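Here is the structure we will look at.
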Amino acid sequence: MRQLSSELKEELNQLGTGTVQETVQQLRQIGQSGVYAAIPVMLRMMDHECADIRRAAEQAVTRLLAVCPVSELVWLNEHVREWRPSPVDGKRVVEREMHTLDQASPTRLSMLTMHWSGYIREAAVKRMIRDDEADSFAYLLLRLNDWVPEIRNLARAALELKLMPEYAKLWMEHIMLVERLRICGRDSFESFIESVHHLLRQKECRYVLHTARVSPEPGIRRLAF
């Protein structure tokens, strides 16, 4: 759910003002709320000086990402980078994230691909490509329209390697992010989009289309016919 209730807004405003135990409990409750719109506000708690709070914040963000529809990651991508530190603090943030990026959890790595710093986004994308996890698909598709050409090229090269039948299910699950590229203007995506559709039309991929026709996502059902 993208909309924040007045109660949840107040809870987010008060987040971190109580004791460690109270803050951890708040984070757990927010994580159970299913309101993924809370993620941008909660990210700062993943850098809290208290390990218990950092852990609870990451667990909450993980739970909310699990209920966030793929198509809503576009909204999340725009809002995650709304907060930016001062230039002095920003340099320290970049240095810290670059230093610890190799140890970043999958949840943290996903959020770092949306970071305001191009250096961090690029490093996160490289790590994601190296790890080659199925969960990276959506985040690489988002970076196809990154405003930094080097990041766009990294994401595109990695995704083009997956234009094979064994990845057809993942392509169909993320087809709305592929279709979104039609309205993105930072690069030419027509050949890429057509390559994805060509793959899904292949005989060995028909089972994916049949499954997609009963998808709970209306957009996926429409594109499966």
Suppose we filter the stretch 207-225 for residues that are at pLDDT below 85, assigned to a helix (DSSP H, G or I) and either over 23 Å from the mean Cα position of the chain (by Cα) or surrounded by 12 or more Cβ atoms within 10 Å (Cβ to Cβ) (or both); how many remain? 9
Inter-residue pairs, beta-carbon under 9 Å, first more than 18 Å from I151 (Cβ to Cβ) and in the stretch 98-118, second in a loop (DSSP other than H, G, I, E, B) and among the charged types (D, E, K, R), 6+ apart: P106/E133; P106/D135
What residue, of A104, A60, is under 18 Å from the mean Cα position of the chain (by Cα) and in the same structural domain as L27 (by TED's automatic domain parsing)? A60
Please go through the stretch 146-204 and give me each residue that is of a type in the set (S, T, N, Q), surrounded by 12 or more Cβ atoms within 10 Å (Cβ to Cβ) and at pLDDT below 95, ordered by number. Q202
Are there any pairs with C-beta distances below 6 angstrom linking a residue in the stretch 71-93 that is in the same structural domain as E173 (by TED's automatic domain parsing) and over 29 Å from E179 (Cβ atoms) to a residue that is at pLDDT 90 or above and surrounded by 13 or more Cβ atoms within 10 Å (Cβ to Cβ), with the two at least 6 apart or on different chains, and if so which? R84/W116
Just a yes or no: is a residue in the stretch 205-214 aromatic (F, W, Y) and free of Cβ contacts under 8 Å to residues at least 40 places away in the same chain? yes
Looking at the stretch 33-43, is at least one residue part of a helix (DSSP H, G or I), out of contact with any Leu (no Cβ under 8 Å at 6 or more places or on another chain) and in the same structural domain as D135 (by TED's automatic domain parsing)? no
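Quick one: is T17 more than 23 Å from V125 (Cα to Cα) and at pLDDT below 95?
So T17 fits the description; yes.
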Given the stretch 48-129, what helices (runs of 4 or more DSSP H) lie entirely inside it while holding 1 or more residues that are among the charged types (D, E, K, R) and either at pLDDT 90 or above or within 27 Å of K162 (Cα to Cα) (or both)? 51-66, 73-80, 106-112
Looking at (1) closer than 27 Å to D132 by Cβ; (2) surrounded by 14 or more Cβ atoms within 10 Å (Cβ to Cβ); (3) of a type outside the set (A, V, I, L, M, F, W, C), which is the one condition that is false for E78? (2)
Search result, residues across the stretch 137-166 that are within 17 Å of R180 (Cβ to Cβ) and among the polar types (S, T, N, Q): N145
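The values are calculated or read from the model by the stated rules, or taken from the named source; none is laboratory data. On a predicted model such as this, the values are computed, not experimentally measured, just so you know. Here Cβ is always computed from backbone atoms with ideal geometry, including for glycine, and neighbour counts include all displayed protein chains.
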